[in-house]
1. So which of GLU163, GLU199 ends up being of a type in the set (D, E, K, R), assigned to a loop (DSSP other than H, G, I, E, B), over 18 Å from ASP284 (Cα atoms) and at pLDDT below 95?
2. What tally of residues in region 214-249 results from selecting those that are touching a residue at least 60 places away in the same chain (Cβ under 8 Å) and over 17 Å from the mean Cα position of the chain (by Cα)?
3. Exactly one of these conditions fails for GLU7: (1) in contact with a strand residue (DSSP E or B) (Cβ under 6 Å, 6 or more places away or on another chain); (2) free of Cβ contacts under 8 Å to residues at least 24 places away in the same chain; (3) not hydrophobic (A, V, I, L, M, F, W, C). Give me its number.
4. Being farther than 15 Å from LEU265 by Cα and surrounded by 22 or more Cβ atoms within 10 Å (Cβ to Cβ) is the filter here, so list the residues in region 208-223 that pass it.
5. Pick from region 42-56 the residues that are surrounded by fewer than 20 Cβ atoms within 10 Å (Cβ to Cβ) and in contact with an Asp or Glu (Cβ under 8 Å, 6 or more places away or on another chain): which of them is farthest from ARG153 (Cα to Cα)?
6. So if I check each of SER248, SER264, SER283, which one is surrounded by fewer than 17 Cβ atoms within 10 Å (Cβ to Cβ), modelled with pLDDT of 95 or more and over 24 Å from ARG182 (Cβ atoms)?
7. Taking the criterion of being without any contact (Cβ under 8 Å) to a residue 12 or more places away in the chain and either on the phi < 0 side of the Ramachandran plot or touching a Cys at 6+ places or on another chain (Cβ under 9 Å) (or both), would at least one residue in region 29-49 satisfy it?
Amino acid sequence: MVSFSGESFEENLGRSRNVTITRHVRRILFRGRTRYVDVIIAEGVYGYKEVYIDSIFQSSTRDEFIYHEALVHPAMVRFSPRRVLILGGGEGATAREVLKHPVERVDMVDIDEEFVRLVEEYAPEFSMGAYRDPRLHLHFEDAWDFVMGTDGRWDLVVVDITEPEGPAQRLYSREFYQALARVADSVSVYVGEVDGLFEEGYQARYISTIRSVFPHTLIGTVYVPSFLTSIVVLLGSKDPIPPPQTASVDTRMYDEEADRHIFSLPKHVREKVNEELPPFSLSDLAEY
């Protein structure tokens with residue numbers, strides 16, 4: 001049994017909110033507020049770094065590699081992008097995984113500069129030096145404003161944003177994905193927790209929203225112990241998605257066998273993600 005003497009955080013799981021868990025931490029490394037959110041960076045009971053936003057668990061160095069690798073590498077080995085745009089990804093781990101590939105340029109857009117700097121200061125294990133890579137270019141602004149105002153072009157957009165609340169809500173709309181289709185041919189999207197597919201969460205309609213713009217999709221799931229559930233990732237493209245190519249990159253979870261597992265969905269999940277639902281729009285925004 002692991003003992004603890006630090007603080008505890010209660011958290012409701014799933015849209016139904018009928019399950020409450022308690023997360024214990026050994027000690028708080030940072031507690032404060034950025035312009036947008038309350039942030040806690042802590043040492044968990046197993047010694048790993050953990051990030052909380054508004055007292056809700058976000059990520060742990062214990063197993064963040066699982067979903068960051070699932071979000072990044074399946075897209076990289078299929079589309080072989082040279083220029084990549086990351087939307088969100090404030091811990092720096094998404095950029096870390098993208099930069100393992102022979103890309104020419106990576107642009108990362110995150111609205112909260114202070115959050116990015118805090119995680120880098122107190123938990124550099126997430127980015128592992130990614131911010132020092134000259135191929136990475138940081139933009140601290142709203143992803144909506146950046147995409148709507150850019151005349152740039154990328155081969156792939158990786159969407160690693162927060163749940164549809166506040167400024168992030170419109171990033172779940174069909175209008176936003178139409179704008180993404182103007183700047184890139186393919187996307188890789190962190191859709192959210194698989195539980196939301198069956199609890200009338202935003203995830204199923206979000207998938208339909210992306211498909212309404214990027215008609216060729218590949219959807220997968222991967223279990224993340226710290227989340228106590230699986231998460232959903234989606235690859236979307238204007239053109240048919242090519243098969244994966246072998247890539248010599250340093251990974252902990254992802255390889256060819258893992259790729260087959262990620263995108264082999266059980267029947268009940270396949271049926272749910274293939275439902276045709278009305279897309280979210282600016283007049284009908286997603287809600288968390």
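1. Numbers: GLU163 fails: over 18 Å from ASP284 (Cα atoms).
Answer to the selection: GLU199.
2. Total satisfying the criteria: 9.
3. (2)
4. Step one: of region 208-223, the residues farther than 15 Å from LEU265 by Cα are 208-216.
If the condition is that a residue be farther than 15 Å from LEU265 by Cα and surrounded by 22 or more Cβ atoms within 10 Å (Cβ to Cβ), then THR209, ILE210, PHE214 are the ones that fit.
5. Among those residues, the one meeting the criterion is GLU43.
6. On the way: SER248 fails: modelled with pLDDT of 95 or more; SER283 fails: over 24 Å from ARG182 (Cβ atoms).
That would be SER264, the only listed residue that is surrounded by fewer than 17 Cβ atoms within 10 Å (Cβ to Cβ), modelled with pLDDT of 95 or more and over 24 Å from ARG182 (Cβ atoms).
7. Step one: filter region 29-49 for residues without any contact (Cβ under 8 Å) to a residue 12 or more places away in the chain, giving 31, 33.
In the following step, the residues that additionally are either on the phi < 0 side of the Ramachandran plot or touching a Cys at 6+ places or on another chain (Cβ under 9 Å) (or both) were identified as 31, 33.
So far as region 29-49 goes, yes, one or more of its residues are without any contact (Cβ under 8 Å) to a residue 12 or more places away in the chain and either on the phi < 0 side of the Ramachandran plot or touching a Cys at 6+ places or on another chain (Cβ under 9 Å) (or both).
Let's see how each residue does on (1) within 14 Å of SER226 (Cα to Cα); (2) surrounded by fewer than 17 Cβ atoms within 10 Å (Cβ to Cβ); (3) in contact with a Leu (Cβ under 8 Å, 6 or more places away or on another chain):
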{"site": "SER8", "(1), (2), (3)": "no, yes, no"}
{"site": "VAL25", "(1), (2), (3)": "yes, no, no"}
{"site": "ILE28", "(1), (2), (3)": "no, yes, no"}
{"site": "SER59", "(1), (2), (3)": "yes, no, no"}
{"site": "MET76", "(1), (2), (3)": "no, no, yes"}
{"site": "GLU91", "(1), (2), (3)": "no, no, no"}
{"site": "GLU104", "(1), (2), (3)": "no, yes, no"}
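The values are calculated or read from the model by the stated rules, or taken from the named source; none is laboratory data. Fair warning: this is a prediction, and the values are worked out from it, not measured in the lab. Heads up, the Cβs are rebuilt from the backbone with ideal geometry, glycines too, and the neighbour counts pull from every protein chain shown.
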